[in-house]
Every structure is written in structure tokens, then in C-alpha cells.
Amino acid sequence: MSIVRAKKHLGQHFLKDQNIACKITASLLPVTKGVLEIGPGMGVLTRHLLKDTKFSVLAIDIDQESIDYLHEELPAHKEQIIYGDFLKSDIRNFYTEPFSIIGNLPYNISSQIFFRILENRDLIPQVVCMIQKEVAERISASHGNKTYGILSVFLQTFYDIEYLFTVGEQVFDPPPKVKSAVIRLIRNKRKKLDCDEKLFFNIVKSGFNQRRKTLRNSLKSIISPDFASETLSLRPEQLSVEDFITLCKEIQQANK
């Protein structure tokens, strides 16, 4: 096999620039020994990772053609390159101890991957990934910013997020129509919320689903008519993570 065909339905854009690949893998801090690469494709990141003795690497891909190619190209590492769907796999089958995630994530499912990471946040203290630049800016945006949204709040609740660098379209095959960016997520010290987690997620989602409205209007289905809080006069993008937690505690107390 000489090359893997990029498949549009899998959102594949293969990185071909070795300098960028090296820069991405160098962004992975030695936080954990175990590292899971999502979507290795033709293995441009995988090769760099496998050479680094600091890490014990697994790579998972839903594309059988990519798996066959990598097994042929890297025969000594066959057992470390597995076929599977990260979104549907039991994450604890990969590592029993905390592990880091790295990858050039498919744009069409990057949000789903982040929600999966959130579900397993206590097993995943670090994520280094390349995603669409617009999504990277949204995730790393602070409150008060137009791009600040649901995923910004959810991820920033449990991770410190660093926008590392921008990547142009020309370093991919085929080139995407948008720029990309590499970000790093490091698990923060928040072990659990000081309020009901399900209610917290519901408040954030309900608020941003009607982001042009004030919270007094967007949270009508969650709060009682007589619930009072100065925060209700604000729009969701004006609230920091701590503000949302405080509001959640107030609503929780009022609903008792």
C-alpha cells in the first residue's frame, strides 16, 4: 500500500508537514505515560510518538484502510494500532490508569469527542489536538466573547485550555477549506461541582440555546416564576464558569 484515500464522510484531511507534526507531538507534556491517538490516518503523528520513550502509545482509527496501511508500514507496532470507534468504545479498555489524548480530530465529530472526554475527565488529564480554528477559538474564549458558548463553559469547567498555534490549509492532503489550530487541555483541580451537575449542564445548555435572550427568559422551564437573582438580567455569554456554578446553587436551593 502506498497511500490511504482520504474519505470525505470520515472528515479526513491528512497532515503532510513533518515540522507541524513534530510541533504537535512536542506539545504533549509528560503528564501521563499512556497516550491514545485518535485517528492516526497515515501515521504522521504516530511515527513521532512511537519514537518517544516517555510515552506508551495506542492509536485507534475507524478507517480500516488506515489500519491496514499502518500495520504494513509499522509492523513492529501492530498491537498498538487498533481498529475501533472512539465514540463507541469503552475508554477503560485502553488504559486502566490516567492517559493523555492526542490527535488531528475530524472536524465533523470534534464536539462529540470533547463531550466523550468530559464524561471520562478523571481518566484524561491532558488533551493535545488539532481542530478547526473557529472551534479552537470558541473553546478557548473567555466569557464576554461572542464565540463563548456551551462547549467553552463545559470544557473550561474541568480543564485549563491553551490555544497553541494556528495551522494553514496547505499542510494537509486534501487541504480543508478552513484554517486549523492546535490546543492543549490540562485537567484543573476541580474534582466535582459544588452544585448538581445535571442541573448545571441543563442551565448552560438552556441559556445558550437562546443566547440572544436574557437568562430570565431562556431558563423559564428550569426556574420558578418567583425565583429572583441579579444574574437573570444577563445573557449567557456574560457569565463565567464560576457565575454559572453560583447560579446553579441558587436555583438548586430555591427548588428545595
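The values are calculated or read from the model by the stated rules, or taken from the named source; none is laboratory data. Keep in mind that what you see is a predicted model, and the values were worked out from it rather than measured. Methodologically, a virtual Cβ is constructed for each residue, glycine included, from the backbone with ideal geometry; neighbour enumeration extends over all protein chains shown. Quick note on the areas: whole protein, heavy atoms, side chains included, nothing else; ligands and nucleic acids left out. Shrake-Rupley method; radii C 1.70, N 1.55, O 1.52, S 1.80 Å.
Points to keep in mind about this one:
- Qualifying residue in the range 187-195 (condition: loosely packed, with under 14 Cβ neighbours inside 10 Å and of a type in the set (A, V, I, L, M)): no
- Count - residues of the range 122-133 that are at pLDDT 95 or above and not in a strand (DSSP E or B): 4
- Residue within the range 91-101 that is closer than 19 Å to residue 164 by Cα and open to solvent by less than 80 Å² (accessible area, probe 1.4 Å) present: yes
- Residue among 232, 185 that alone is hydrophobic (A, V, I, L, M, F, W, C) and in contact with a Lys or Arg (Cβ under 7 Å, 6 or more places away or on another chain): 232
- Contacts under 7 angstrom Cβ, first residue in the range 112-125 being farther than 15 Å from residue 201 by Cβ, partner charged (D, E, K, R) and open to solvent by 30 Å² or more (accessible area, probe 1.4 Å), 6 or more apart: 125/187
- Residue tally, condition among the small types (Gly, Ala, Ser) and at pLDDT 95 or above, over the range 234-256: 1
- For the range 134-163, the tally of residues that are over 23 Å from residue 192 (Cβ atoms), in contact with a strand residue (DSSP E or B) (Cβ under 8 Å, 6 or more places away or on another chain) and either open to solvent by 30 Å² or more (accessible area, probe 1.4 Å) or part of a strand (DSSP E or B) (or both) stands at 4.
- The residues in the range 51-83 that are exposed (fewer than 13 other Cβ atoms within 10 Å of the Cβ) and either more than 21 Å from residue 25 (Cα to Cα) or out of contact with any His (no Cβ under 8 Å at 6 or more places or on another chain) (or both) can be counted, and the count is 8.
- Any hit, the range 242-250, residues being touching a His at 6+ places or on another chain (Cβ under 6 Å) and either hydrophobic (A, V, I, L, M, F, W, C) or in a loop (DSSP other than H, G, I, E, B) (or both): no
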